[in-house]
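Single-structure report; data block below.
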Ligand SMILES: [Fe+2]
């Protein structure tokens, strides 16, 4: 059981390459079938055989989308404004009423970092560190996509991530996104981030327990298995689920999750005035793509992301760090 107290936040990155032992351990944590599926899909990406996403016609098979968007926004004179928006990370507060919250966790604060895509632009870590200054929280979660590239080496993104996590304190949990290869788990855990690979962990405070479950990516790798962490969660226990994509909300509600934290959509990132997204890359209703939402007894929140994907630009969709404050009471 994890005690709700400090944890070493050392930012060192291990130099060892993945070994057979590592894959044995990852298979035991993620599930052997899921690990096989993930490694196969990762190999396809490494071989440039696959393009992430859904749909019959994928323009990026022929033209690099980031090049197309860069030319488009530079030619229209909007690039500079979009880049300034990208680096303007805002702090958002979200209050969540959870009737089953243990009394000891009244006022518990969860800092959510999402979709850092740290290798997209070297200026981002300093901006995130500045935005983190002075924020008070009890636990930090990361809902995935530490990296922007979907293939090749992840060392750059891990170095950039470490720059940020030197300034994060206390307990840290995370899940992988569709841009993350599973081999980075040891690097993240060396930074003090406990990665939940279809796993659950209890957080103890004054003899009471709040459970956190985390599942692997449901969007591209489809290696999420919600039933697996729930095997160890006592019936009726208050549980927070970390799931990179919000598309697992139906299963989460059926299993009895109380609160679900996601990212992945970037809130649309390049939105029309009023915040209406053009693309979300997520098979959920638009109301699940940004901010707080509810499905039955399940409450959730989808971050617009702390970083951005594909291009370092944002329009009508601010980047965010989010502090969720949990409280007991009757939901209206
Ligand atoms: Fe992302």
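Looking only at region 264-280, residues that are on the phi < 0 side of the Ramachandran plot and either at pLDDT below 95 or out of contact with any strand residue (DSSP E or B) (no Cβ under 7 Å at 6 or more places or on another chain) (or both) come to 9 in all.
Considering only region 125-149, state which residues are over 15 Å from the mean Cα position of the chain (by Cα) and closer than 22 Å to residue 196 by Cα. Within region 125-149, 137, 138, 149 qualify. A single member of 176, 171, 163, 132 is out of contact with any helix residue (DSSP H, G or I) (no Cβ under 9 Å at 6 or more places or on another chain) and at pLDDT 95 or above, and it is 171.
Would you be able to tell me the number of residues in region 110-124 that are more than 16 Å from the ligand (Cβ to nearest atom) and farther than 17 Å from residue 193 by Cα?
Filtering region 110-124 for residues more than 16 Å from the ligand (Cβ to nearest atom) gives 110-111, 122-123.
Okay, now just the ones that are also farther than 17 Å from residue 193 by Cα, so 122-123.
Final tally of qualifying residues: 2.
Against the conditions (1) at pLDDT 95 or above; (2) outside any helix (DSSP H, G or I), residue 54 satisfies every one except (1). Of all residues in region 292-306, which are surrounded by fewer than 23 Cβ atoms within 10 Å (Cβ to Cβ) and in contact (Cβ under 8 Å) with a residue 60 or more places away in the chain? Matches in region 292-306: 292, 299.
Going by the conditions given, is residue 195 on the phi < 0 side of the Ramachandran plot, touching a helix residue (DSSP H, G or I) at 6+ places or on another chain (Cβ under 6 Å) and crowded, with 22+ Cβ neighbours inside 10 Å? Yes; evaluated as a whole, the condition is true for this residue. Inside region 135-158, residues that are at pLDDT below 95 and surrounded by fewer than 17 Cβ atoms within 10 Å (Cβ to Cβ) make up a count of 5.
Could you grab me the full set of residues in region 195-209 that are under 26 Å from residue 265 (Cβ atoms) and either assigned to a strand (DSSP E or B) or touching a strand residue (DSSP E or B) at 6+ places or on another chain (Cβ under 6 Å) (or both)? Matches in region 195-209: 195, 196, 198, 199, 200, 201.
What tally of residues in region 95-120 results from selecting those that are under 18 Å from the mean Cα position of the chain (by Cα) and crowded, with 19+ Cβ neighbours inside 10 Å? Give the steps one after another, and end with the answer.
In the first step, residues of region 95-120 are kept if they are under 18 Å from the mean Cα position of the chain (by Cα); the result is 109-120.
Retained after the next criterion (residues that are crowded, with 19+ Cβ neighbours inside 10 Å): 110-120.
Here the count works out to 11.
Scanning region 133-187 for residues that are away from the ligand (no atom under 16 Å from the Cβ) and either assigned to a strand (DSSP E or B) or at positive phi (or both) yields 134, 139, 140, 152, 170, 171, 172, 173. Given the condition in a loop (DSSP other than H, G, I, E, B), under 24 Å from residue 191 (Cβ atoms) and touching a strand residue (DSSP E or B) at 6+ places or on another chain (Cβ under 8 Å), answer yes or no: does some residue in region 83-106 qualify? No, region 83-106 has no match at all.
The values are calculated or read from the model by the stated rules, or taken from the named source; none is laboratory data. Only a predicted model underlies this, so the values are computations on that prediction, with no experimental measurement involved. Every residue, glycine among them, receives a Cβ derived from its backbone with ideal geometry; neighbour counts consider all protein chains shown.
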